[in-house]
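See structure below.
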Amino acid sequence: MRKRFRAPPEKKGLSLARDRRPSYGESNKGARKTVPRKKRLANRQRRRADAKLRQIREKGACPEIVESKVRSQDLLSHKRRWRKCPDARLLAFIARQNARRAERGGRKARKADRLCGADETVF
């Protein structure tokens with residue numbers, strides 16, 4: 001079966017729809033180290049909380065105290081849980097970048113203003 005021929009603009013559109021960019025200020029290669037680190041830290045916090053509860057039970061504390069500690073740890077562990085979120089779509093990223101560039105006027109417009117003396121104040 002032959003591969004379907006696609007025109008360059010069609011290929012570009014498909015690529016823009018498929019590709020993603022980090023939207024939280026990280027380098028595009030950083031996620032391969034950050035994601036496992038975040039998972040490790042979340043699991044370590046959970047293990048430490050479990051160990052602390054185990055110590056409380058072994059000391060022979062009152063069952064009501066142990067139960068209240070378990071509930072509070074469950075609530076805290078829910079807040080500390082880390083989830084991976086998808087990056088921004090490349091098409092949306094480029095649109096936002098172009099909008100910001102148009103809002104600022106762009107580098108060339110600022111340079112032209114500076115050369116013409118538009119920023120200077122006259123006394």
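Values quoted throughout were computed directly from the atomic coordinates according to the rules given, and no laboratory measurement underlies them. Just so you know, these numbers come straight off a predicted model, no measurement behind them. So basically every Cβ, Gly included, is an ideal-geometry build from the backbone, and we count neighbours across all protein chains shown.
Along the axis of the charge dipole computed for the stretch 30-116 (Cβ charges of +1 for Lys and Arg, -1 for Asp and Glu, origin at the Cα centre), the listed residues A31, A42, S68 are led at the positive end by A31. The long axis of helix 8-18 is offset from the longest Cα principal axis of the chain by roughly 30 degrees.
Rounded to the nearest 0.05, the FRET efficiency derived from the C-beta distance between A112 and R21 at R0 = 22 Å is 0.15.
Its Cα centre serving as origin, the stretch 1-40 has a Cβ charge dipole (Lys and Arg +1, Asp and Glu -1) of approximately 280 debye. In the chain, the DSSP-assigned H stretches of four residues or longer account for a calculated mean residue ellipticity at 222 nm of -22500 deg cm²/dmol, using -39500 (n - 2.57) per stretch and the full residue count as denominator.
Put a plus charge on the Cβ of each Lys and Arg, a minus charge on the Cβ of each Asp and Glu, and nothing anywhere else: the dipole of the chain about its Cα centre is then about 920 debye.
Note that the chain, at 25 °C in a medium of 0.890 mPa s, gets a Stokes-Einstein diffusion coefficient of 119 µm²/s from its Kirkwood radius over C-alpha pairs.
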